[in-house]
Amino acid sequence: MQTLAKQVLEHAAGLPEGSPLVAKELLHLANRAAVDQVLSRLVRRGALLRVGRGIYVLPMESRFGSRAPSAVKMVEGLASQRGETIVPHGAAAANALGLTTQVPMRAVYLTSGPSRRLKLGAQTVELRHAPVWQLIFPGRAAGDVVRALAWLGPKKAGEALRALGAKLPSAEIKEVVSARARLPTWMAQEVSALVPHG
């Protein structure tokens, strides 16, 4: 008979890198109290990392030893597990689109869920609750454009849009234009400048 700890670790090992592990997923192995106790014991042993309240991840093994999984993979796993929309913050989106050379020092994401901080090894991952319009088009350049503009603000938005208009595929620009009704007025006005007159 396998120990509960071994069963929990085998379950965690079968998940993709960075997938969050929560007690409710393990209730097929034992009752809630036993699962909670085993999870705590595995964290103390270093076999699991406690990311946040009730959220655990399996550390990754490499030739240099044990390390925390990538923040991106953990956030993707959390989004699919919780049914939340989680997207990179506007500063990261602006950097990815080449609108700024500033590289964000902290991992900050916008979420449809509650604001919270998760600890991933030495790194803190911040999830900030955001309005619905900032979460549109997750995983798409059009969504990154909206988030980058929100971060840049009204003064820099026009210049950024002109630069992006020359750089991005027209389909992504059309996508941003199609979302004007959902955007704040200042942003909708800037985006409207991209619509050809005629």
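Where a number appears in this text, it was derived from the coordinates with a stated rule and is not lab data. Keep in mind the model is a prediction, meaning the values are calculated, not measured. Ideal geometry is used to build each Cβ from the backbone, glycine not excepted, and the neighbour counts take in all protein chains shown.
I need a count of the residues in the stretch 159-191 that are part of a helix (DSSP H, G or I) and over 19 Å from Q134 (Cβ atoms).
Counting residues in the stretch 159-191 that are part of a helix (DSSP H, G or I) and over 19 Å from Q134 (Cβ atoms) gives 9.
I'd like to verify a number: residues in the stretch 131-171 that are in contact with a Gly (Cβ under 9 Å, 6 or more places away or on another chain), of a type outside the set (A, V, I, L, M, F, W, C) and either over 13 Å from L99 (Cα atoms) or free of Cβ contacts under 8 Å to residues at least 40 places away in the same chain (or both), how many?
Residues that pass the stated criteria total 1.
Of the residues S62, S40, S19, S80, only one is under 14 Å from L120 (Cα atoms) and among the polar types (S, T, N, Q); which?
Being under 14 Å from L120 (Cα atoms) and among the polar types (S, T, N, Q) holds for just one of S62, S40, S19, S80, which is S19.
If I go through the stretch 102-129 residue by residue, how many of them are of a type in the set (A, V, I, L, M), under 25 Å from W186 (Cα atoms) and surrounded by 21 or more Cβ atoms within 10 Å (Cβ to Cβ)?
So the count comes out to 1.
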